[in-house]
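Have a look at the structure below, then the notes.
The values are calculated or read from the model by the stated rules, or taken from the named source; none is laboratory data. Because the structure is predicted, anything quoted here is derived from the model rather than measured. As a convention, Cβ positions derive from the backbone with ideal geometry for all residues, glycine included, and neighbour counts pool all protein chains shown. When the accessible area is computed, the model is the full protein with side chains, heavy atoms only, and any ligands, DNA or RNA have been set aside. Shrake-Rupley method; radii C 1.70, N 1.55, O 1.52, S 1.80 Å.
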Amino acid sequence: MTIGESESLEGGCTCRQVRYRVSGPPLFVHCCHCRWCQRETGTAFALNALIEADRVALLAGAVEVVPTPSNSGKGQKIARCPRCRIAMWSNYAGAGELIRFVRVGTLDEPDRLPPDIHIFTASKQPWVVLPPGTPAVPEYYKAADYWPPASLERRAAVLARLKS
Ligand SMILES: [Zn+2]
Ligand SMILES: [Zn+2]
């Protein structure tokens, strides 16, 4: 990770009505090459930082949550600026409201969060050349196989809250 536990990153939409802050390092950063992400972004992949919802704070404005179909069939809720409609994060089924998938490109310093893994590379655009040294999987993966221990601990705490 390129960001420390006491650091934070800020981001927002294009019209600047919505601003947010992410506190501490993400659990993991996905570069997703699935067809759904390609369509939703209009480009080759999506870059999502997975982080607990309570580490994401709104600094200005409010988001509009748009229910959207997802690859799993269970749907996702995409948080968008109500004015310029830029998507800033989404919540998927599974960890639900407790984990947000923050769109790294909406951060002021997106370079701080490079991908920890490339997923769904089976549908990767053929001209995208993946860097050596970063894990890549044809579809999805098990967190226990790739996440650092600190992230797995935080994930376990989230899952415990889901059950309670
Ligand atoms: Zn906006
Ligand atoms: Zn995807």
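Each residue was assigned an accessible area with a 1.4 Å probe, and for Lys124 the value is about 50 Å². Here each label is just a point 7 Å from Cα along the line to Cβ, and for Ser72 and Cys84 those points are 3.0 nm apart. Sorted largest first by accessible area at a 1.4 angstrom probe radius, with every protein chain in place, the residues Leu130, Leu113 fall in the order Leu130, Leu113. The value of relative contact order for the range 31-164, using C-alpha pairs under 8 Å at least six residues apart, is 24 percent. On the principal axes of its alpha-carbon atoms, the range 113-164 has extents of 45, 19, 18 Å, going from largest to smallest. For the range 5-164, the share of accessible area belonging to carbon and sulfur comes to 55 percent (1.4 Å probe, ligands and nucleic acids excluded).
For the chain, the solvent-accessible area with a 1.4 angstrom probe is 52 square angstrom per residue. Residues Asp108, Asp54, sorted by accessible area with the largest first, give Asp54, Asp108 [1.4 Å probe; ligands and nucleic acids excluded].
Here the Kirkwood formula, the inverse mean of 1/r across different C-alpha pairs, assigns the chain a hydrodynamic radius of 16.2 Å.
Put a dot 7 Å past the Cα of Ala93, heading toward its Cβ, do the same for Ala53, and the two dots end up 1.7 nm apart.
Computed with every protein chain present, the accessible area of Arg100 is close to 50 Å² [probe 1.4 Å]. In terms of overall dimensions, the C-alpha atoms belonging to the range 15-103 reach 32, 28, 22 Å along their principal axes, ordered largest to smallest. Helices in the chain, meaning DSSP H runs of at least 4 residues, each add -39500 (n - 2.57). Divided by all residues, the mean residue ellipticity at 222 nm is -4500 deg cm²/dmol.
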